[in-house]
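All remarks here apply to the structure that follows.
The values are calculated or read from the model by the stated rules, or taken from the named source; none is laboratory data. Since we're looking at a predicted model, the values are computed, not measured. As a convention, Cβ positions derive from the backbone with ideal geometry for all residues, glycine included, and neighbour counts pool all protein chains shown. With ligands, DNA and RNA removed, areas are computed over all heavy atoms of the protein, side chains included. Shrake-Rupley method; radii C 1.70, N 1.55, O 1.52, S 1.80 Å.
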Amino acid sequence: KGRKMSKSLGNGIDPLKVIEEFGADALRFMLATGNSPGNDMRFYVERCEAMRNFANKLWNASRYVLMNLNEDSKNQLPALDQLTIADKWVLSKLNTLIAEVTDNLEKYELGVAVQKLYDFIWDIFCDWYIELAKIRLQKGGDEAATARAVLVYVMSETLKLLHPFMPFITEEIWQTLPHEGETIMKAPWPVFSDE
């Protein structure tokens, strides 16, 4: 009805019940999405459900990346001459995302940063790049190794950007990827490259 939550009105939402149904990361992400400083926002259960679906999409993407790793997989990009146009495209999009999200966070534009992360992960990484990489992974050889390396790198860097908003799922996924260090919280923040 658009009224403010109030104990006296009895119209409050118990966050523990929402967390139990949708997860803490989904609730955190939903609260940051579409929110700007100083503005009130309406609580919709459907938005929590959408953010749970987003977390599920992220989990499934990471499972696909992990399924295609081998014992030699590292979190390191191959040489530039080994990258395909699709690899360069997703890395360029990631580089732009790093610059924009970092800038948004420095300006406390959390809602804008979250929306950019959501769009990149759902549309660019999951719906386009993973689908393009599947063909190369099936072929095997050097093409598959390059696709595998780019998948791991992009997933890892994206998880670092997403971590302030979804700390639990990002830590869980990051721990399963090839990485250095004990936790994503201490991993270096992704840095924009102007090359």
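For the chain, with only Lys/Arg (+1) and Asp/Glu (-1) charged at the beta-carbon, what is the dipole magnitude about the Cα centre, in debye rounded to 20? Could the numbers behind the result be given before it?
Values: 22 positive and 28 negative charges, 172 e Å.
Here the chain has a charge dipole of around 820 debye.
For the stretch 105-134 and the stretch 141-164, what is the separation of their Cα centres, given in Å?
About 14 Å separates the Cα centre of the stretch 105-134 from the one of the stretch 141-164.
In whole percent, how big is the carbon plus sulfur part of the accessible area of the chain, probe 1.4 Å, protein atoms only?
Details: 6120 of 11530 Å².
Summing carbon and sulfur atoms, their accessible area is 53 percent of the total for the chain.
Please work out how much accessible surface Trp128 shows to a 1.4 Å probe, ignoring ligands, DNA and RNA, in Å² rounded to 10.
150 Å²
Which net charge results when you count Lys and Arg as +1 and Asp and Glu as -1 among the other residues whose beta-carbon is under 12 Å from that of Leu58?
Values: positive: Arg52, Lys57, Arg63; negative: Asp25, Glu172.
Around Leu58, the surrounding residues sum to +1.
Taking only protein heavy atoms and a 1.4 Å probe, what accessible area per residue, in Å², does the chain have with all protein chains in place? Before the final figure, lay out the partial values.
On the way: 11530 Å² over 195 residues.
With the other protein chains kept in place, the chain gives 59 Å² per residue.
For Thr33, Thr176, give the ranking by accessible area with the largest first, probe 1.4 Å. Before the final figure, lay out each step's value.
Numbers: Thr33 15, Thr176 75 Å².
Greatest to least solvent exposure: Thr176, Thr33.
Compute the signed sum of charges (Lys and Arg +1, Asp and Glu -1) over the other residues within less than 14 Å, Cβ to Cβ, of Arg148. Let's see the in-between values first.
Details: positive: Lys74, Lys134, Arg136, Lys139; negative: Glu71, Asp72, Asp87, Asp142, Glu143.
That sum, taken over residues with Cβ under 14 Å, equals -1.
Would you kindly compute the Cα radius of gyration of the chain and its largest Cα-Cα separation (Dmax), both in Å?
18.4, 66
With each run of n ≥ 4 DSSP H residues scored as -39500 (n - 2.57), what mean residue ellipticity at 222 nm is computed for the chain after dividing by its residue count and rounding to the nearest 500 deg cm²/dmol?
Working: 8 runs with 114 residues, N = 195.
Value at 222 nm, helices only, nearest 500: -19000 deg cm²/dmol.
Which residue fluctuates the most in the chain, going by a Gaussian network model with Cα springs under 10 Å, if the choices are Ala26, Ala144, Ala61?
Highest fluctuation of the listed residues: Ala144.
Taking θ = phi - 60°, what integer Hz values does the Karplus form 6.51 cos²θ - 1.76 cosθ + 1.60 yield along the stretch 24-32, in sequence order, with x for Gly and Pro?
5, 5, 5, 5, 4, 5, 5, 5, 7
Report, in listed order, any pair from Lys17/Lys186; Lys134/Lys186; Lys93/Lys134; Lys88/Lys186; Lys74/Lys160; Lys74/Lys107 with a Cα-Cα distance greater than 23 Å.
Numbers: Lys17/Lys186 31 Å; Lys134/Lys186 32 Å; Lys93/Lys134 19 Å; Lys88/Lys186 28 Å; Lys74/Lys160 17 Å; Lys74/Lys107 34 Å.
Pairs exceeding 23 Å: Lys17/Lys186; Lys134/Lys186; Lys88/Lys186; Lys74/Lys107.
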